[in-house]
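Below: the structure, in C-alpha cells.
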Amino acid sequence: METINRMLTNICSDDLEKTKYFYSKLFEFNIAYESDWFIHLASKDKKLELGIIDKTNEIVPEEAKKIPQGFYITFVVNDVDVVFKIAESEKFEIVNKPTDTFYGQRRLILKDPNGTIVDVSSPINNIDL
C-alpha cells in the first residue's frame, strides 16, 4: 500500500473570489497561492488545505464540472455557533441552523456559492468523535 503524503480537496467554482471569501471568512484560511484559475487555501498551522479551481479550466475533469452531489465537506470547529453567526451576518446560504445531534455534536449545514454542502460541527460536552 502506498503512503499518503498529503490530501487536498478542490472545490470546482464558477466564482473564485466569492468562494475564497466564503471559506476564508468562516474558517480563517490563509491564501497560500492565488492565480486567475486556482486558489490554494491553508489553515494557519498549514495542516489543512483547500483548493478552489475555476471549473472551466482545462485540467478539471468533465465529470467534476457538474453540480456536486453525493458528498459533503465537514469542518470540525470549537464552536459551531460562532460560525453560524458569521454565516448569518454574511447572508451565506444556511440549509440547517445549529442543532444538537444524538451522537454528541452540534451541527450546522451550509451551502457554499457552488452548491457544495458544508457541514460544520463541534463537540458537545467535550465528547470527541
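Coordinate-derived values only; no laboratory data. Fair warning: this is a prediction, and the values are worked out from it, not measured in the lab. Please note: Cβ atoms are built from the backbone with ideal geometry, for glycine as well, and neighbour counts cover all protein chains shown.
Just to be sure, is Asn114 in contact with a helix residue (DSSP H, G or I) (Cβ under 8 Å, 6 or more places away or on another chain) and on the phi < 0 side of the Ramachandran plot? The answer is yes for Asn114.
Determine, yes or no, whether Val83 is farther than 20 Å from Ile39 by Cβ and either free of Cβ contacts under 8 Å to residues at least 60 places away in the same chain or in a strand (DSSP E or B) (or both).
Numbers: farther than 20 Å from Ile39 by Cβ: yes; either free of Cβ contacts under 8 Å to residues at least 60 places away in the same chain or in a strand (DSSP E or B) (or both): yes.
Yes; evaluated as a whole, the condition is true for this residue.
Starting from residues that are under 12 Å from the mean Cα position of the chain (by Cα) and closer than 17 Å to Pro113 by Cα, keep the ones in the range 41-57 and report whichever is surrounded by the most Cβ atoms within 10 Å (Cβ to Cβ). Across the range 41-57, the extreme among qualifying residues is Ile52. Taking each residue of the range 55-75 that is among the aromatic types (Phe, Trp, Tyr) and looking for partners that are exposed (fewer than 11 other Cβ atoms within 10 Å of the Cβ) and part of a helix (DSSP H, G or I) with beta-carbon atoms closer than 9 Å, six or more apart or interchain, yields nothing.
Based on what the data block shows, is Ser89 out of contact with any strand residue (DSSP E or B) (no Cβ under 7 Å at 6 or more places or on another chain), farther than 15 Å from Ile117 by Cα and either hydroxyl-bearing (Ser, Thr, Tyr) or surrounded by 14 or more Cβ atoms within 10 Å (Cβ to Cβ) (or both)?
On the way: out of contact with any strand residue (DSSP E or B) (no Cβ under 7 Å at 6 or more places or on another chain): yes; farther than 15 Å from Ile117 by Cα: yes; either hydroxyl-bearing (Ser, Thr, Tyr) or surrounded by 14 or more Cβ atoms within 10 Å (Cβ to Cβ) (or both): yes.
Against the criterion (out of contact with any strand residue (DSSP E or B) (no Cβ under 7 Å at 6 or more places or on another chain), farther than 15 Å from Ile117 by Cα and either hydroxyl-bearing (Ser, Thr, Tyr) or surrounded by 14 or more Cβ atoms within 10 Å (Cβ to Cβ) (or both)), Ser89 qualifies.
The set of residues from the range 1-40 being among the hydrophobic types (A, V, I, L, M, F, W, C) and exposed (fewer than 14 other Cβ atoms within 10 Å of the Cβ) comprises Met1, Ile4, Met7, Leu8, Ile31.
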